[in-house]
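The values are calculated or read from the model by the stated rules, or taken from the named source; none is laboratory data. Bear in mind that the values here come from a model prediction, so they are computed numbers and not experimental data. Neighbour counts run over all protein chains shown; Cβ positions are idealised from the backbone, glycine included. Calculation scope for accessible area: heavy atoms of the full protein, side chains included, ligands and nucleic acids excluded. Shrake-Rupley method; radii C 1.70, N 1.55, O 1.52, S 1.80 Å.
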Amino acid sequence: MTVPRRLALRSLFPLTIAALTGGALARIAMTPRSGTAAAAPATGAPPGGTFDEMYRGRRIQGRPAPGDGTEVLVDGRPLHLMRCANGGYLTPIDHYQTHPTPLAATRAAVDELGSAPLTRFAAAHGVHPGGSPRGLHA
């Protein structure tokens, strides 16, 4: 390969990477966030994030909290809900799976809990003294 050809290829590589990255970022920026009111009806979640229902024998409730969050209760006990960068939600109970709405995340936490009661430690993130990482009674 001659020197000018090698120089041209070395110059084109970073330009190609920049173009591909820019195209991907533009596509991400143009994609509507999941969990918005427009996406909520498709998942069965009511608009506004408010819900109060019995699910698998447990009462699950959710309502908008101050700021951009949602307050979630399972049988009257708070369940910490985290918003992900992709617009989804997850809980300490089902920490490795994101869900499109707070309702879907709460239902997944109830599915994971089974018949075990939710502890007070599930209201915060992580493992706490006397509590398990999944919010179950030890």
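Scanning the stretch 93-112 for residues that are among the charged types (D, E, K, R) and in a helix (DSSP H, G or I), we see that the one that is farthest from Arg58 (Cα to Cα) is Glu112. Scanning the stretch 30-58 for residues that are loosely packed, with under 13 Cβ neighbours inside 10 Å and modelled with pLDDT of 90 or more yields Asp52, Met54, Arg56, Gly57.
Among residues of the stretch 68-89 that are closer than 19 Å to Glu112 by Cα and in contact (Cβ under 8 Å) with a residue 40 or more places away in the chain, those with a beta-carbon under 6 Å from a residue that is among the charged types (D, E, K, R) and open to solvent by less than 50 Å² (accessible area, probe 1.4 Å) at least six positions away or on a different chain give the pairs Val74/Arg58; Asp75/Arg58.
Within the stretch 74-92, being part of a loop (DSSP other than H, G, I, E, B) and of a type in the set (A, V, I, L, M) holds for Leu81, Ala85.
For Leu81, the conditions (1) in contact with an Asp or Glu (Cβ under 9 Å, 6 or more places away or on another chain); (2) at pLDDT 90 or above; (3) crowded, with 20+ Cβ neighbours inside 10 Å are fulfilled apart from (2).
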